[in-house]
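Chemist: Here you go, one structure.
The values are calculated or read from the model by the stated rules, or taken from the named source; none is laboratory data. Quick caveat, the model's predicted, so the values are computed rather than measured. Keep in mind that these areas ignore ligands, DNA and RNA; they rest on the heavy atoms of the full protein, side chains included. Shrake-Rupley method; radii C 1.70, N 1.55, O 1.52, S 1.80 Å.
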Amino acid sequence: VSRRDLKTEINRHVRDASTRYGVQEELLYSVMAAESSCRHSARSSKGAVGLMQLLPSTAREMGYSPHEVRGNIFAGAKYLSKLSARFN
């Protein structure tokens, strides 16, 4: 996948996840920038993976695969939505 195609794919998934889970696109992009520098292949020393730097167990709890671009974004958006509902 070319860099341009990946960027297009990420943008589409961010838009779709934002709509599905009611999380602002800007927040999703901010999390990706802060957590992974927008690198889909990022891995932390603690085991977090992908754009949103999710632990695999958290992503699975949200119903998505953390290793897929779409799954990582959707799991992150769903998790942020749950946190927002819990703490707002």
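Chemist: Applying the Karplus parametrisation 6.51 cos²θ - 1.76 cosθ + 1.60 with θ = phi - 60° to the phi angles of region 61-66, what ³J(HN,Hα) value in whole Hz is obtained for each residue in order, glycine and proline being reported as x?
Modeler: 4, 7, x, 10, 8, x
Chemist: Between region 1-34 and region 69-88, what is the C-alpha centre distance in whole Å?
Modeler: Measuring centre to centre over Cα atoms gives 12 Å.
Chemist: What does the accessible area per residue of region 31-88 come to in Å², with a 1.4 Å probe and no ligands, DNA or RNA counted?
Modeler: Per-residue value: 57 Å².
Chemist: Is any helix in the chain, taking whole DSSP H runs, at least 18 angstrom long along its axis by alpha carbon and on average at least -1.0 on the Kyte-Doolittle scale, and which ones?
Modeler: Membrane-span-like by this rule: 69-87.
Chemist: Leaving ligands, DNA and RNA out of it, report the carbon-plus-sulfur percent of the accessible area of region 28-88 at a 1.4 Å probe. Don't skip to the answer; put the middle values down first.
Modeler: Values: 1700 of 3480 Å².
Roughly 49 percent of what the probe reaches on region 28-88 is carbon or sulfur.
Chemist: In the chain, what is the volume of the convex hull around the alpha carbon atoms, normalised per residue and reported in Å³?
Modeler: 90 Å³
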